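Novice: Got a structure here, written out as structure tokens. Questions coming.
The values are calculated or read from the model by the stated rules, or taken from the named source; none is laboratory data. It should be emphasised that the depicted structure is a prediction, and the values quoted were computed from it without experimental measurement. Methodologically, a virtual Cβ is constructed for each residue, glycine included, from the backbone with ideal geometry; neighbour enumeration extends over all protein chains shown. What goes into the accessible areas is simple: the full protein's heavy atoms, side chains included, and nothing from ligands, DNA or RNA. Shrake-Rupley method; radii C 1.70, N 1.55, O 1.52, S 1.80 Å.
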Amino acid sequence: RKEVEQDPGPFNVPEGATVAFNCTYSNSASQSFFWYRQDCRKEPKLLMSVYSSGNEDGRFTAQLNRASQYISLLIRDSKLSDSATYLCVVIPASGGSYIPTFGRGTSLIVHP
Amino acid sequence: SQTIHQWPATLVQPVGSPLSLECTVEGTSNPNLYWYRQAAGRGLQLLFYSVGIGQISSEVPQNLSASRPQDRQFILSSKKLLLSDSGFYLCAWSAKVETQYFGPGTRLLVL
């Protein structure tokens, strides 16, 4: 089983739609979680951290389910500019190094 | 504020030629530094990371090497490039146990 798995998509949704992505992880001792956004031919950029209690930033909501070992990203009222690849990142709980594991990403296409 | 620079932005090199990609970080000290490669349609592959000057850990054995001659400088090198070395090379930094921030990347095409 891969350490971090994401549905590659693409998710093709109309403007204004609500879309959700999940990301599963295999290491139950993982301690930190993030969502990144990567536009075509650009570097990944931090979208938001994922906290145990869940967190919201405008139209974006991130949640963590430790029991089932997955994190989710919900995007409400999708905009054309939300089209991108969304990467989940999991940081294991280990002493010393800080080696994140990236998922392969989920592609989102928002169309008019 | 912190910034991370990478150069060159794009590079076309023949098979067998050497490679040197540079990454520098400003506005922070003693960062963790990382080199990733992203092949077309693939995920991010961690190549090297460094927790301090002269300290390099390799994640994947290959014909690439990395060096950290200064606190905020990270260099990715190869003596002889292979076709399979083509890809998007990303440098990233983090303040130890915090979020990673990526540079703009170098797109390498080996012909």
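Novice: Residues of segment A:21-78 being open to solvent by 60 Å² or more (accessible area, probe 1.4 Å), among the aromatic types (Phe, Trp, Tyr) and without any contact (Cβ under 8 Å) to a residue 40 or more places away in the chain, which ones?
Specialist: Within segment A:21-78, A:51 is the sole residue that qualifies.
Novice: Does at least one position in segment B:74-91 carry a residue that is within 9 Å of chain A (Cβ to nearest Cβ), open to solvent by less than 10 Å² (accessible area, probe 1.4 Å) and modelled with pLDDT under 95?
Specialist: Among the residues of segment B:74-91, not one is within 9 Å of chain A (Cβ to nearest Cβ), open to solvent by less than 10 Å² (accessible area, probe 1.4 Å) and modelled with pLDDT under 95, which makes the answer no.
Novice: Whether any residue in segment A:12-33 is over 13 Å from the mean Cα position of the chain (by Cα) and within 14 Å of another protein chain (Cβ to nearest Cβ) is what I want to check.
Specialist: yes
Novice: Mind listing whichever residues of segment A:2-20 are surrounded by 14 or more Cβ atoms within 10 Å (Cβ to Cβ) and part of a loop (DSSP other than H, G, I, E, B)?
Specialist: A:3, A:7, A:8, A:9, A:17 - these are the residues of segment A:2-20 that are surrounded by 14 or more Cβ atoms within 10 Å (Cβ to Cβ) and part of a loop (DSSP other than H, G, I, E, B).
Novice: For segment B:46-67, give me each residue that is at the interface with chain A (Cβ under 9 Å from one of its Cβ atoms) and assigned to a strand (DSSP E or B).
Specialist: Scanning segment B:46-67 gives B:46, B:49, B:51, B:57.
Novice: So the check is Cβ under 8 Å with 6+ separation or different chains; which pairs have a first residue in segment B:30-44 that's at the interface with chain A (Cβ under 8 Å from one of its Cβ atoms) and within 11 Å of residue B:68 (Cα to Cα) and a second one that's crowded, with 18+ Cβ neighbours inside 10 Å and at pLDDT below 85?
Specialist: Here the result reads B:32/A:98, each pair linking segment B:30-44 to a residue that is crowded, with 18+ Cβ neighbours inside 10 Å and at pLDDT below 85.
Novice: Of everything in segment B:29-60, what is more than 21 Å from residue A:38 (Cβ to Cβ) and open to solvent by 30 Å² or more (accessible area, probe 1.4 Å)? Give them in sequence order.
Specialist: Matches in segment B:29-60: B:29, B:30, B:51, B:53, B:54, B:55, B:56, B:57, B:58.
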